[in-house]
Every structure is written in structure tokens, then in C-alpha cells.
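Scroll down for the structure; my scribbles are underneath it.
What follows is calculated from the coordinates using simple rules that are stated; it is not laboratory data. Everything numeric here is computed off the predicted structure, so don't read it as measured data. Neighbour counts are summed over all protein chains in view; Cβ atoms, including those assigned to glycine, are modelled from backbone coordinates with ideal geometry.
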């Protein structure tokens, strides 16, 4: 079975295990299968040390056994990362929150022009989509999503508020046109933030 495209790191212990420099390096390399012997040679490290880190990663289901090869009277285990990319749930870096606490957080910063609200919504999107994508991978189906991106240059701050109001009205009209009782519900999230400045030459 192929590795999933993405896996959500939403448990503090798994995150702690994965974030040491050598284990991050191993996870990146193990997007393609390799044995401890191969990894030790590539990283110029003792095989026993690599084997120890692989065992820890395997216990947390961050790497998995792909194949066993018999060589010179020994069994060489070929390992692979269980996902091509590991995404950190933003919530795991803070104190764990119950659903009621999350709802209270949304109510507290419900101002749609607040940066904190945008960050909360984006974190929820990362969390939900990553979990659903991983489950779709396991079932061998495709998760149907869509992404809209645009860049707008505003003359003054007040234009941001007027644009947001007009966009909300337009989205409501289109959503009402396609909303169907009994249909598969989709969540549409639209956010805007200043385009980051790029240094010359980058």
C-alpha cells in the first residue's frame, strides 16, 4: 500500500518524537524506501544509531516496514515514511482545547477583519482537510476540494471592509443558488491578508 500524501501531527508525543533533527532528516529521506544500512552510509552515521531512531519512528507509526531482505545471514529491513508530508496541527503547539473551548474562541474573535480569526479558521482548515485527505487515501478515493486565489490592490484601508461586504453578499447569492437539501455539504472559507514583501533578488 502506498504512503498517504499527508498526515496530521495532532498528538504532542508524536510531534516530540518526530521533531529531533536526525528524525526529521530520516522522515524526509524515507519518502523513498531505504534500509538502516543505506541510511547510515548516506548520513555517515553508525548503523546502530540509525536503527534506534527508526525503531522509535516505527513505534509512533511514522515509518513502516516495506520489505525484508536476507543478506549475509542477516535480515535487512527496508522502511518508508507512512506519509509524504507531515503537517503539524497548530492546536497541538498550545494547550489542548475541547470543542466547547474552540467554539468559545471563535465567538471571542468573531470579527472577520481580525488576524486572529483568520489564523483560527486557517488552522481548522489544515486540521480537517488533512484528516479527510488521509482517510480518502486509505480508501483509495480522491477527496474533491477546490481552491480560489486572487490578488487585489486596495487604495485605502476602508476598501478592504467594503470589498469584504460585497464579496460576502456575492458568495451568499451563489451559495443559495447551488444549495440542495440532502446534498453533500461543503465549507467555503475565504480569507485575505497583505501580500508578504519579497526581498530583491528572491
Degrees, to the nearest 10: 99-108 long Cα axis against longest axis of the chain: 40
Share of Cα-Cα pairs in the stretch 25-85 lying beyond 18 Å, as whole percent: 26
Listed residues 32, 42, 61, most fluctuating in the chain (Gaussian network, C-alpha, under 10 Å): 42
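Can you sort 89, 165 so the residue with the fewest Cβ neighbours within 10 Å comes first? Kindly include the intermediate steps, with their values, before the conclusion.
On the way: 89 18, 165 11.
So the ranking, lowest neighbour count to highest, is 165, 89.
For 84, 55, 198, what's the fewest-to-most ordering of other Cβ within 10 Å of each Cβ? Could the numbers behind the result be given before it?
Working: 84 16, 55 13, 198 7.
Fewest to most other Cβ atoms nearby, the residues stand as 198, 55, 84.
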Helix 157-178 axis, angle to the chain major axis (alpha carbon atoms, nearest 10°): 80
Packing-based exposure ordering (other Cβ within 10 Å, fewest first) of 64, 135, 156: 156, 135, 64
For the stretch 4-86: relative contact order, % (alpha-carbon pairs under 8 angstrom, 6 or more apart): 41
Dimensions (Å) - the chain, Cα atoms, principal axes, largest first: 72, 49, 35
Nearest 10 degrees, 0 to 90: helix 115-139 Cα axis against the chain principal axis: 50
